[in-house]
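Visitor: A single structure is presented below for examination.
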Amino acid sequence: MADIESLLKRLVENHVEFVIVGGYAAMAHGASLVTQDMDVCCSFSEENLLRIQAAIADLRPVHRMTPARLPLDLARGRCGSLKNLYLSTDIGQLDCLGAITGIGDYQVVRSQSEEMTLAFGTCRVLTVEALIRSKSALGRDRDREAVLQLRAVAERKSKT
């Protein structure tokens with residue numbers, strides 16, 4: 001079972017620049033979705049990528065989208081070409097994305113996020129409206145279901 005909150009806590013404690021997106025963001029807003037991974041949009045600056053690596057180094061992170069499942073081994077000067085990191089760790093999957101479909105790159109995503117205090121600490125989470133745009137742009141069955149729930153969440157919030 002994934003320990004998503006521990007992954008997030010590590011990112012917060014290591015001062016990683018990120019925004020929670022995807023299923024966990026929807027859950028943070030009140031949607032009743034289930035997710036087994038953590039999707040974050042983050043700065044792909046060398047410093048930030050090295051902070052991500054430091055945050056999860058002891059969790060034996062590997063690139064899960066490569067056949068050989070190579071260990072995460074970032075070094076100064078070798079981070080410039082990266083756009084996404086799809087990682088498996090001892091406590092769960094962490095997808096670090098440089099841009100979000102339907103929204104844009106990290107700076108745009110950050111501008112469409114809000115600060116939330118969650119069980120592990122305070123961080124930025126994509127707004128409900130931005131999540132709806134992103135999930136709508138993806139168009140998968142599970143994303144269409146998420147959009148229905150997120151619209152209900154947005155309607156509930158507008159009444160309070």
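Every number here is computed from the coordinates shown, using simple stated rules; none is lab data. All of these numbers come straight from a predicted model, not from anything done at the bench. Cβ coordinates were reconstructed from backbone atoms using ideal geometry, including for glycine residues, and neighbour counts include every protein chain displayed.
Visitor: Shape verdict for segment 93-157, please, from the Cα gyration tensor: rounded (a/c under 1.5), prolate (a/b greater than b/c) or oblate.
Guide: On the way: a/c = 1.56, a/b = 1.14, b/c = 1.36.
Cα axes put segment 93-157 in the oblate bin.
Visitor: Say we join alpha carbon atoms closer than 10 Å with springs in a Gaussian network model of the chain; which of V40, V125, V12 then has the biggest fluctuation?
Guide: Among V40, V125, V12, the largest mean-square fluctuation in the Gaussian network model of the chain belongs to V12.
Visitor: Any idea what Rg and Dmax come out to for the chain if you just take the C-alpha atoms, in Å?
Guide: 15.4, 51
Visitor: So what's the angle, to the nearest 10 degrees on a 0 to 90 scale, between helix 128-138 and the longest Cα principal axis of the chain?
Guide: 70
Visitor: Next up: For segment 89-155 and segment 1-58, what is the separation of their Cα centres, given in Å?
Guide: That distance is 11 Å.
Visitor: Also: Compute the angle between helix 46-56 and the longest alpha-carbon principal axis of the chain, please, reported from 0 to 90 degrees and rounded to the nearest 10.
Guide: Value to nearest ten degrees: 90.
Visitor: Taking the chain as the reference, fit the longest principal axis to its C-alpha atoms, fit the long axis of helix 141-158 to the helix C-alpha atoms, and give the angle between the two in degrees, 0 to 90, nearest 10.
Guide: The angle comes out at about 60 degrees.
Visitor: Given an 8 Å cut-off on Cα distances and at least 6 residues of separation, report the relative contact order of segment 4-158 as a percent.
Guide: Across segment 4-158, relative contact order equals 27 percent.
Visitor: Another question about this same structure. Give the shape of segment 1-54 as rounded, prolate or oblate, defined through the alpha-carbon gyration tensor: a ≥ b ≥ c are the square roots of its eigenvalues, a/c under 1.5 means rounded, and otherwise the shape is prolate if a/b is larger than b/c and oblate if not.
Guide: It is prolate, given that a/c is not under 1.5 and a/b is the larger ratio.
Visitor: Towards the positive end of the charge dipole of the chain, with charges on Cβ (+1 Lys, Arg; -1 Asp, Glu), say which of V16, A154, Y106 has the farthest Cα.
Guide: A154
Visitor: Another question, then. Placing unit charges on C-beta atoms (Lys and Arg positive, Asp and Glu negative, everything else neutral), compute the dipole magnitude of segment 1-137 about its Cα centre in debye, rounded to 20.
Guide: Using Cβ point charges on Lys, Arg, Asp and Glu, segment 1-137 gives about 300 debye.
Visitor: Around F120, what is the net charge, scoring Lys/Arg as +1 and Asp/Glu as -1 over all other residues with Cβ under 12 Å from its Cβ?
Guide: Residues close to F120 contribute a combined charge of -1.
Visitor: Starting with the highest mean, order 42-51, 65-74, 126-135, 28-37 by the number of other Cβ atoms within 10 Å, averaged over the residues of each peptide. The partial results should precede the final answer.
Guide: Working: 42-51: 18.3, 65-74: 11.0, 126-135: 23.1, 28-37: 15.0.
Top of the packing list down: 126-135, 42-51, 28-37, 65-74.
Visitor: So what's the net charge close to R151: Lys and Arg +1, Asp and Glu -1, counting the other residues with Cβ under 14 Å from its Cβ?
Guide: Taking every Cβ under 14 Å from that of R151, the sum is +2.
Visitor: Test of understanding: in a Gaussian network model of the chain with alpha carbons linked when under 10 Å, which of C79, C41, C96 would top the mean-square fluctuation ranking?
Guide: Its mean-square fluctuation being the largest, the pick is C79.
Visitor: Could you line up T89, T101 from fewest to most neighbouring Cβ atoms inside 10 Å? Could you put the intermediate results ahead of the total?
Guide: Details: T89 23, T101 15.
The order, fewest Cβ neighbours first, is T101, T89.
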